[in-house]
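Asker: Below is one structure. I have some questions about it.
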Amino acid sequence: MGNKLKLSKPEQGLKGELQVPGDKSISHRAVMFGSVAVGRTTIHNFLMGEDCLSTISCFRKLGVNIDIHTDKVTVEGNGWDSLKEPTEVLDTGNSGTTTRLMMGILSGRPFHSVLIGDESIAKRPMKRVTDPLKLFGTAIDGRDEGNFTPLSIRGGSLKAIRYKLPVASAQVKSAILLAGLQADGMTEVIEPQRTRDHTEKMILEFGGEIEREDDTIKVRGRQVLRGAEVYVPGDISSAAFFMTAAAIVPDSRITLKNVGLNATRTGIIEVMKRMGASMEVMETPGSGERIGNIMLETSELQAIEIGGDLIPSLIDEIPVIALLATQAEGTTVIKDAEELKVKETNRIDAVVRELKKLGADIEATDDGMIIKGKKSLRGAEVHSWGDHRIGMTLAVASLITDSPVYVEDADAIKISYPRFFEDLRKLVE
Ligand code: S3P
């Protein structure tokens, strides 16, 4: 990598309509469920980003037939038992979701497998998943007592567990549910803070059973899932970059079409509304995951405080929310977001360091950041830290800087949004 991209302010505001690519979390899960279900799964609007391609490559190494067509992916599933011991290590690339959810699937498979990823994955905590999987009876280990990749798993028969999540993490919850689907008995996961529920929804979509009572999710073991037709909604985490861009670039008015509006993911909409964004959300009726269109205009923004239970519903949007806050009147406080430190990079450090270079008044705290607006931003040389969401945040910042922004390692954006710059161009030309 090491490429440096020059980005300059557009001559006019953002205008027009756009359909952002498919949701990353849902695309991963559709391949995973398709691989363990019986029958063909067709995934429409699959996200062809590097992370989701890592998931496909891992399941191919487990013997699953997966075809990639231009606009869809087909997975020929033959049930849990059809997964085969891989002859190679399973490389999850930069993807935390692939790594953690695969651990749940592999823990119930009676063979040996090894998971590795890139430099960033090697630093991300895995004990949060290996600990509960050991309680199921899986032989799983990794560097530093099971906390880091490479991870080695010898799966086998599992006994259902009851487990209270120590961190608000959909990846940990999902790994437990995927093991629970294969275990003997009823697995219960207690989720003190609500996190994205795509796994639960997909279990139902694939003909399985799952229940939720208050903060407890219950899943019966030894379930046989059936292949399904999955329509992946646009990723609200990708839409967030254009929502922010339209709000802060003068003379903008855009519509983002068919965006996923799952209530566990829409924290960004709530935050932007509270900040005073000129926005309209029009939900399209239908079954399955909620979707709709989001219309956004240039807005006068006010600072707010963001924390508590809202955090899991916008955790991936915090880098771009920090940028939004630089253009809001007053002091924005983001708290209760320590999880940012263990994402693709330490996103508190990355956001604060890079936005400061552009002239933002932003300070890191132990669990978030404090941003004083409204500040005009200037061009500078900045770095994505190899993190797709930091790269896109900086690219959006370049739309309002007085001189060009040079983004080093902008290629990282391909992890979740390979056609990001093409889509941006559609709105500014
Ligand atoms: C994801 C869950 C979140 C999120 C990640 C995708 C998922 O991670 O940050 O980008 O697909 O389950 P955590 O579960 O670690 O919070």
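Asker: Taking the conditions exactly as written (of a type outside the set (Val, Ile, Thr) and surrounded by fewer than 20 Cβ atoms within 10 Å (Cβ to Cβ)), does residue 78 satisfy them or not?
Answerer: Numbers: of a type outside the set (Val, Ile, Thr): yes; surrounded by fewer than 20 Cβ atoms within 10 Å (Cβ to Cβ): yes.
Criteria met by residue 78.
Asker: Test each condition in (1) within 16 Å of the ligand (Cβ to nearest atom); (2) in contact with a strand residue (DSSP E or B) (Cβ under 8 Å, 6 or more places away or on another chain) for residue 312 and report the one that comes out false.
Answerer: Single failed check for residue 312: (2).
Asker: Find all pairs meeting these conditions: Cβ atoms under 7 angstrom apart; at least six residues apart or on different chains; first residue within the range 8-35 and over 30 Å from residue 58 (Cβ atoms); second residue among the acidic types (Asp, Glu).
Answerer: 12/251; 13/251; 18/423
Asker: Looking at the range 131-143, which of the residues that are surrounded by fewer than 24 Cβ atoms within 10 Å (Cβ to Cβ) and out of contact with any Lys or Arg (no Cβ under 8 Å at 6 or more places or on another chain) is farthest from residue 57 (Cα to Cα)?
Answerer: Ranking the candidates gives 135 first.
Asker: Could you list all residues from the range 317-350 that are away from the ligand (no atom under 11 Å from the Cβ) and under 18 Å from residue 398 (Cα atoms)?
Answerer: Answer for the range 317-350, where residues must be away from the ligand (no atom under 11 Å from the Cβ) and under 18 Å from residue 398 (Cα atoms): 319, 320, 321, 322, 323, 324, 325, 326, 327, 328, 350.
Asker: Taking the range 190-241 on its own, how many of its residues are of a type in the set (S, T, N, Q), assigned to a helix (DSSP H, G or I) and over 15 Å from residue 22 (Cβ atoms)?
Answerer: Step one: of the range 190-241, the residues of a type in the set (S, T, N, Q) are 193, 195, 199, 216, 223, 237-238.
Checking which are assigned to a helix (DSSP H, G or I) leaves us with 199, 237-238.
From the residues that got through so far, the ones that are over 15 Å from residue 22 (Cβ atoms) too are 199.
Qualifying residue count, the range 190-241: 1.
Asker: Name the pairs: first residue in the range 86-97 and among the charged types (D, E, K, R), second residue more than 11 Å from the ligand (Cβ to nearest atom) and assigned to a loop (DSSP other than H, G, I, E, B), Cβ to Cβ under 8 Å, at least 6 apart or on different chains?
Answerer: Within 8 Å, the pairs are 91/117.
Asker: Something else: For residues that are under 21 Å from residue 109 (Cα atoms) and acidic (Asp, Glu), scanning just the range 181-195, find the one that is nearest to the ligand (Cβ to nearest atom).
Answerer: 188
Asker: Under 9 Å between Cβ atoms, which residue pairs at least 6 apart in sequence (or on different chains) link something in the range 191-202 that is in the same structural domain as residue 289 (by TED's automatic domain parsing) with a partner that is within 11 Å of the ligand (Cβ to nearest atom)?
Answerer: none
The values are calculated or read from the model by the stated rules, or taken from the named source; none is laboratory data. Computed from a predicted model, the values in this text were never measured in an experiment. Heads up, the Cβs are rebuilt from the backbone with ideal geometry, glycines too, and the neighbour counts pull from every protein chain shown.
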